[in-house]
Amino acid sequence: MKFQTLMIIKAVVCLVLGVPILLAPEFLYFLFGASLNPSGAFVARQYGASLIGNLMLTWIARNAIESEARSAITLGLCVYDAIGLVITLVAQFTGVLGPLGWFAALIYLFFAVGFGYFLMPQKKVA
């Protein structure tokens with residue numbers, strides 16, 4: 001997979017999840033088997049804002065050439081998704097999320113591995 005493709009996929013996922021979390025967090029979290037009180041809805045909206053920030057970052061940087069800046073962006077996104085995976089797995093194993101929580105874990109896993117791949121030294125074709 002090309003870096004640009006991974007960034008576009010990440011941007012689309014952030015759009016599809018970020019906007020509903022901002023506008024109707026109680027409904028979206030209900031689909032994942034979690035319930036939110038008003039404080040939880042506030043925190044969820046903060047997370048939605050984070051996703052919109054990720055959307056902007058991934059969309060704007062999708063054509064970045066190999067550079068220190070691109071490596072920094074890739075590392076930040078890899079760490080973000082790896083931590084998201086751990087948090088989601090803890091929530092899944094403690095019963096906070098329903099079966100759809102596994103889908104969220106798979107999304108985080110996909111992106112953590114994907115961005116991790118682009119952190120590894122790439123072989124140059126002569």
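No lab work stands behind these numbers, since they all come straight from the coordinates. Owing to the predicted nature of the structure, the values given are computational and were not obtained by experimental measurement. Cβ sites come from the backbone with ideal geometry, for glycine too, and all protein chains shown count toward neighbours.
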Residues with amide H under 5 Å from that of Leu97, placed H, sequence gap 5 or more: Gln92
One point scatterer per Cα, no solvent, Debye formula: log10 I(q)/I(0) for the range 3-119 at q = 0.15 Å⁻¹ comes out as -0.66
Taking Cα pairs under 8 Å and at least six residues apart, what relative contact order does the chain come out at, in percent? 30 percent
Where does each of Thr5, Thr94, Thr88 land when they are ranked from fewest to most other beta-carbon atoms within 10 angstrom? Thr94, Thr5, Thr88
Within 10 Å of each residue's Cβ, count the other Cβ atoms and sort Leu17, Leu77 from fewest upward. Leu17, Leu77
In the chain, if the dipole is taken from +1 on Lys/Arg beta carbons and -1 on Asp/Glu beta carbons about the Cα centre, which of Ser50, Ala24, Pro121 is farthest to the positive end? Pro121
Separation of alpha-carbon centers, the range 48-126 and the range 1-28, rounded to whole Å: 11 Å
Going fewest to most other Cβ atoms within 10 Å around each Cβ, Met120, Met56, Met7 line up as Met120, Met56, Met7
Could you check the spin-label model distance between Val113 and Val96? Points 7 Å from the Cα along Cα→Cβ, value in nm. 2.4 nm
